[in-house]
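Here the structure is laid out as structure tokens; the discussion comes afterwards.
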Amino acid sequence: MPHHNITDNLDILFEVLPQHVAEAVHAANQNENLLEIVLDLGRKPEARYTDRELTLSDQEVTQSDLDLVVARIGEFDADNRAGMERTLHRISAIRNRRGHVVGLTCRVGRAVYGTIDIIEDIVATGKGILMLGRPGVGKTTMLREAARVLAEGNAPGHPRKRVVIVDTSNEIGGDGDIPHPAVGRARRMQVRQPNLQHEVMIEAVENHNPEVIVIDEIGRELEAEAARTIAERGVQLIGTAHGNSLDNLLLNPTLSDLVGGIESVTLSDEEARRRGTQKTVLERRAPPTFDVLIEIQERERLIIHHDIAMSVDNLLRGRSVETELRYRDESGALQRIMQQSVEPTTRGKKDRGRDLAPERERRPASRRQPIELEEEPEAEIPISELAMMPPRTPRGSLKTIKAYGYGLARGKLEEAAQRLRLPLTVVSDLDEADLVVTVKNYYRKRPKMISDAEKGGMPIYVLRSSTAMQIDNFLTDVFGLTSEEADPYSVAMRDVQEAITRVSTGTRSVDLTPQPPHIRRMQHELIREARLISHSYGREPYRRVRIFRE
């Protein structure tokens, strides 16, 4: 296993414990695996390790034992947590109905330097990252190390960034006003009350000009909304949430918005026949807040969803979900394996109308091409949401072109064509197509379908990546548009400039017209440069930006 420099300050924690408890922990000689010490009134003290639980003494915990610990650590916050100055340890209290402490959980906090080397390449990309895992698996430890690496510029080839930690319970930066050295140069904002965490998240963006926001334990709906606003402003967001997998997160009504959320959609008869499914299906409601999802199964074993939007869409349609497994073998070498779930992972949802894909779409993992991401993908907008958008009349003088997308999401092509008002039809049969469009990663593998199309003389357009800009450029070339005709952003940018002028000259607030996520990000950036405040409101596809004065 790789060597990680660990700072745990256990001697400071042991000093606040009753003497017989501290001696028993020392005698167990398992400090490197110690997770927490539990003291409950009238019960024997316990130590919990990574692989077992141990009764520390036959002597039951008394009220005087609890009072001794409380007196040594000081005041508890509103969330019944207390810390220890310049350490990462956390003491949590259980109270009776009269408010007296009758139980304590003494959680060991460790700074493990080097713990994110297994995902350092992902952290350095600037993508939004959400980490999932059960309590005690190491989410906060990895989050703390990610903040330090980004703030100090330790990622190879990447300069240091302005990192702000929103520290709800002082678990990331330690107790006290001076952050623990484990967070490096990152700045830390403390949260006075847990229910105000979302306000501090927005305050961090508006007041301190961060490039990265780090937040632990996103658990409330207001926090999920604040996370979406931060992501739309172009700030890298790295956060954690409780849960074991993407499947769990989708079924959590409070947090499902982090990955786009789910809504029930009724398809037309024609679309239902095309898909080979029932008319009422579940689809992703909006673009995900985060770009990458990391499921922490064990401390050195991770499942990575490089494209959350694609994973959610495939999950809801019953298709196999492609993920990357990263782990360290017995020699400490990092292993990376692309894998696919042959069956959909969502269980027990058949009665809710989940879209079951035709059997021909459920191909074995060995037949599918791996995804190699070179650029950050734009979030997909489901076809159901495109149908809800206000209709835009296609340019009447242009001839309809039928395109077959290989390795490109159908929704991306249709959304781009609708945005540019172009008569593009995306077909599912190669024989019906006028041209093929694919991305470089797929094309250079020379799959049989691409080779057959080339032999038949069919035009093939190869994009560097599947971003909105690349797709827009492709459509511009195919339909022979001028740069002025093809620019989908000019009206939106003109509107935001006019709104900035109005707010700067006295208007209290202005709502802009609804725009796709990538345009909203540009609008937020212009507003921030004008030293004004902006938030996003509403649900896709009617989500819009509102501008305020300070």
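Here, each number is a calculation from the coordinates, and none is a lab measurement. If you're wondering where the values come from, they're calculated on a predicted model, not measured in any experiment. Cβ atoms come from the backbone with ideal geometry, glycine included; neighbour counts cover every protein chain shown.
When R446, R228 are sorted by how many other C-beta atoms sit within 10 angstrom of their C-beta, beginning with the fewest, the order is R446, R228. Match the structure shown to one of the listed values (1) 29; (2) 47; (3) 35 of percent of Cα pairs over 39 Å apart, computed from it, and give that label. For percent of Cα pairs over 39 Å apart, the calculated option is (3).
Each Lys and Arg adds +1 at its Cβ and each Asp and Glu adds -1 at its Cβ; summed about the Cα centre, the chain shows a dipole of about 1320 debye.
Distances between placed amide hydrogens fall under 5 Å for A403 paired with T425, V426, V427, D434, all partners being 5 or more residues away or on another chain.
Given Cα pairs under 8 Å that are at least 6 residues apart, what percent is the relative contact order of the chain? Before the final figure, lay out each step's value.
On the way: 1047 pairs, mean separation 49.2, N = 550.
Reported relative contact order: 9 percent.
Computed from backbone phi with θ = phi - 60° and the Karplus coefficients 6.51, -1.76 and 1.60, the 3J(HN,Hα) list for the stretch 438-446 is 9, 10, 4, 4, 7, 5, 6, 7, 6 Hz; x is used for glycine and proline. Note on F479, F290: ascending count of other Cβ atoms within 10 Å places them as F479, F290, the fewest first. Ranking A71, H306, Y113 by Cα position along the charge dipole of the chain, where only Lys, Arg, Asp and Glu carry charges on their C-beta atoms, puts H306 farthest toward the positive end.
In this structure, the pairs whose alpha-carbon distance is over 27 Å, taken from K127/K412; K44/K139; K279/K402; K279/K399; K399/K455; K402/K448, are K44/K139; K279/K399.
By the count of neighbouring beta-carbon atoms within 10 Å, fewest first, H306, H26 end up ordered H26, H306.
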